[in-house]
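The structure appears right after this line, and notes come after that.
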Amino acid sequence: MRRRGTVREWESTHGWIEWPGGAVFVHFSDLVARGRDFRRLFVGDTVEFAVEDGPRGFHAVRVETIQSAEPGGVTEASCVR
């Protein structure tokens, strides 16, 4: 099941996504290639993702940026699906 949320925090390789179910951890290896810089998220980005239970608890997987908070960033309309 896909969910939508907003990037609350992002370090160089990991961060947190806020969504109605709470906050979920995300690692850069779970980002899906879209746009120029697909191994990075920006605070405020709107993302779609799935949640899986791993050895350290729940985390976001298959994370796609829907609307970038970064000027000139990827938008849903500019992506080829």
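The values are calculated or read from the model by the stated rules, or taken from the named source; none is laboratory data. Bear in mind the structure is a predicted one, so any value in this text is a computation, not a measurement. Glycine gets a Cβ as well: all are built from the backbone with ideal geometry, and neighbour counts include every protein chain shown. When the accessible area is computed, the model is the full protein with side chains, heavy atoms only, and any ligands, DNA or RNA have been set aside. Shrake-Rupley method; radii C 1.70, N 1.55, O 1.52, S 1.80 Å.
Points to keep in mind about this one:
- Of the residues making up the range 1-55, just one is in contact (Cβ under 8 Å) with a residue 40 or more places away in the chain, more than 13 Å from Gln67 (Cα to Cα) and of a type in the set (Gly, Ala, Ser), namely Ala50.
- Taken over the range 29-42, the criterion of being in a loop (DSSP other than H, G, I, E, B) and either of a type in the set (A, V, I, L, M) or at pLDDT below 85 (or both) is satisfied by Val32, Ala33, Arg34, Gly35, Arg36, Asp37, Phe38, Arg39, Arg40, Leu41.
- Among the residues of the range 43-64, those identified as modelled with pLDDT under 90 and either open to solvent by 80 Å² or more (accessible area, probe 1.4 Å) or in contact with a Ser or Thr (Cβ under 9 Å, 6 or more places away or on another chain) (or both) are Pro55, Arg56.
- Members of the range 1-28 found to be open to solvent by 70 Å² or more (accessible area, probe 1.4 Å) and outside any loop (DSSP other than H, G, I, E, B), listed by number: Arg4, Arg8, Glu9, Trp16, Glu18
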